[in-house]
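Only one structure is covered here, and it is reproduced in the block below.
Each reported figure results from applying straightforward, stated rules to the coordinates on display, with no laboratory input. As the structure is a computational prediction, the values presented were derived from the model and not from experiment. Every residue, glycine among them, receives a Cβ derived from its backbone with ideal geometry; neighbour counts consider all protein chains shown.
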Amino acid sequence: MPLVLHVDSDRWREHLRSTWNPDIVPVAKGNGYGFGNQRLLAEARALGARTVAVGTYFEVPPDPREDIVVLSPWRPFLDIPQSKNVIHTVSRLADLVSIPAGSRVLIEVMTSMRRHGIGARELRHTMLLNALDRIRFEGWSLHFPMGAGGTSANVREAAELGKAAQAVRRGPLWVSHVPAQKLTDIGENVKLRMGTGLWLGDRGALTVRATVLDVHSVRRGERVGYRQRRVSGDGHVLVVSGGTAHGVGLEAPTAAASVRQRAIAMAKGSLDAAGMALSPFTIEGKQRWFAEPPHMQASMLFLPSSVAPPAVGDEVGVDVRYTTTTFDKVSMD
Ligand SMILES: *Cc1c(COP(=O)(O)O)cnc(C)c1O
């Protein structure tokens, strides 16, 4: 009775092979982009990646064989795994002073993203220059915003900041969110950290399916569910696998700027304040309404009488966001 991510493994791996090259550092973090981080680490290894990036220190695998870059910055109050393979990101002058001598370090430079980083004007600060002699310097880190400003703005900014940083100390530039084809426009020795474009770059290789767990016929106005809401017409109530524990109906606050984008986000299962919400489950090619907000592991849907209901055990399609969904199973088909 699971919510399953089906992967056309030949097609998916073909996409991975055609996208990856030695300048690309695969990112495995969070829910592992739906696949799980362990699987992504194994796939990265199969591609030949010598370095993989994770989001936090909690995600550093035990006894890693490859080098592991931790994307979120080192802080003195964090529990840091002791491994020679870990490469830290340091984003504040004070942390460059506190981090143990000999640590492998990327120094993050502030970009227009304004999340973490040492300001471009502080690159010649004595705290930084002195630290360069204490740490094992692995390069500079630059993280750019997505969308809006456009990728050419990111490439330009990366080239400028990269030049300023490499004038202080030569070393690789580790960038995020610039197009893979533009690395040579930024400079020499540029590495690109990539998650979404790699793992989720060919959506056609991925299908999500839920199982129908129960089907009940209902009449208009009858009450159903925890909330005892009245159904809006004659038809069927379907109970399908997939609920809040899987992330169904829980959307990360949408980045959707336009009405169209917001409509898409809604259609992917965000719950509308108005009560009724379109579910991410599709039956006969159409998304169906939730009969009530999703439960922990299952959802109740309303199917009007004009549509023949599926049978218990049938599978239905689901359109979810991969980075916010926890699948019961990933099936490599
Ligand atoms: C998450 C993250 C990435 C990967 O982002 P995608 O959009 O999934 O490719 C790259 N760099 C940094 C710093 C990140 O935090």
### 16 Å Cα-Cα reach of residue 29 towards aspartates and glutamates, excluding residues that sit fewer than 8 places from it in its own chain
43, 59, 66, 67
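Determine the calculated [θ] at 222 nm for the chain from helices alone, applying -39500 (n - 2.57) to every DSSP H run no shorter than 4 residues and normalising by the residue count; nearest 500 deg cm²/dmol. Before the final figure, lay out the partial values.
On the way: 8 runs with 72 residues, N = 333.
Computed ellipticity for the chain at 222 nm equals -6000 deg cm²/dmol.
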### 5 angstrom amide H check on residue 208, placed H, neighbours 5+ away
6, 318
### Query
With θ set to phi - 60° and the Karplus curve 6.51 cos²θ - 1.76 cosθ + 1.60, what are the ³J(HN,Hα) couplings of region 210-224 in order, to the nearest whole Hz, using x for Gly and Pro?
10, 9, 7, 9, 6, 9, 9, 7, 9, 9, 3, x, 6, 9, 9
### Message
Out of all Cα-Cα pairs in the chain, roughly what percent, to the nearest whole number, are more than 38 Å apart?
### Response
29 percent
### Task
Sequence neighbours fewer than 8 away in the same chain don't count; with that in mind, list the aspartates and glutamates whose C-alpha is under 20 Å from residue 163.
23, 108, 122, 138, 185, 188
### Alpha carbon centroid spacing (whole Å) that separates region 40-92 from region 191-227
31 Å
### Query
Angle between the Cα long axis of helix 9-19 and the longest principal axis of the chain, 0 to 90 degrees, nearest 10?
30 degrees
### Message
Report the Cα-based extents of region 50-201 along its three principal axes, largest first, to the nearest Å.
### Response
37, 37, 24
### Query
For the chain, what is the charge dipole size about the Cα centre, in debye to the nearest 20, if Lys and Arg each add +1 at the Cβ and Asp and Glu each add -1 at the Cβ?
720 debye
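Please go through the residue pairs 84/182; 84/191; 286/329; 84/329 and name each one whose alpha carbons sit more than 26 Å apart in this structure.
On the way: 84/182 31 Å; 84/191 20 Å; 286/329 24 Å; 84/329 33 Å.
Result: 84/182; 84/329 exceed 26 Å.
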## Note on the structure
Counting only residues 5 or more apart in sequence or on a different chain, those whose built amide H sits under 5 Å from that of residue 298 are 242, 243, 244
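Quick check: residue separation of residue 333 and residue 126 times 0.36 nm, minus the Cα distance between them. What number comes out in nm?
Value of the extension gain: 69.0 nm.
Please report the relative contact order for the chain, taking Cα pairs under 8 Å with a sequence separation of at least 6, and give it as a percent rounded to a whole number.
20 percent
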### Query
Quick one: helix 151-168 against the long Cα principal axis of the chain, what's the angle to the nearest 10°, folded into 0 to 90?
30 degrees
### Query
With charges set only on the Cβ (+1 for Lys and Arg, -1 for Asp and Glu), what does the dipole of region 50-201 come to about its Cα centre, in debye to the nearest 20?
260 debye
